[in-house]
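In what follows, a structure is listed as structure tokens, so that the remarks can point back to it.
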């Protein structure tokens, strides 16, 4: 699967090319950050890792690790629905009925709703791969992150916060998922398409919100490794 190809659906955008150029040249671990925060600046876009609650992020959009029904569930999905209030469920039902024609939401094809009672102004709902049954878990995990970011760019959002997609009930090990997520996020920050800086599209921050200190450390190692390695040849 190539993420640079794209095909449009309502509320759905596919991913982008890469063009590596790091502005800061280093990760920032400074006194101005919380004790468990890490950030790096790539072509003007901040990529940040934090330990925290996805429902409390004051950003333009949080990403919901949704299930295919779009009707809420456990884990991150349930927490976001509870915090956003019943209006979010009604908006998701509208998408199921009016946009998807009653069908389930397909893996890695995000949709967007208002955030309602959340601090975040919007919610991007995306279904990640189920490890053990998805025929292409890596490709679909990359697509879940990249297409969610592309949808944020389409809506001119400045900041997006992600959970660790597919590492809960969907059974993907965090040690496997973190390098895939960080490679995709950094590659997106390197170029939003057509070689322009991602900040030219309005996107200023991509935040990973991790549930535990252990998850944070795994993602921190994955981000540091990606920044050291740089983009894959021909990627």
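Computed from the coordinates by the stated procedures, all read-outs in this text should not be read as laboratory data. Note that the structure is a prediction, hence the values are computed from the model and not measured. Using ideal geometry, Cβ is built from the backbone for each residue, glycine included, and neighbour counts are taken over all protein chains shown.
Counting every other Cβ atom within 10 Å of each residue's Cβ, 40, 201 order from fewest to most as 201, 40.
Label point of residue 87 set 7 angstrom out along Cα-Cβ; within region 113-131, amide nitrogens under 13 Å from it belong to 113-123. Counting neighbouring Cβ atoms within 10 Å and putting the fewest first, the residues 39, 217 line up as 217, 39.
If you take every DSSP beta bridge fully contained in region 36-183, what fraction is antiparallel? Give it as a percent rounded to 5. Antiparallel bridges make up about 55 percent of those DSSP assigns within region 36-183. Taking each residue as 0.36 nm, the span from residue 97 to residue 71 lengthens on full extension beyond its C-alpha to C-alpha distance by 8.2 nm.
Counting every other Cβ atom within 10 Å of each residue's Cβ, 159, 166 order from fewest to most as 159, 166. Residues within the reach of a label modelled at residue 133 (point 7 angstrom out along Cα to beta-carbon, backbone nitrogen below 20 Å), restricted to region 67-90, are 67-78.
Multiply the residue gap between residue 106 and residue 169 by 0.36 nm, knock off their C-alpha separation, and tell me the result in nm, one decimal place. Intermediate values should be presented prior to the final figure.
Values: separation 63, 0.36 × 63 = 22.68 nm, distance 1.70 nm.
Length difference between fully extended and current span is 21.0 nm.
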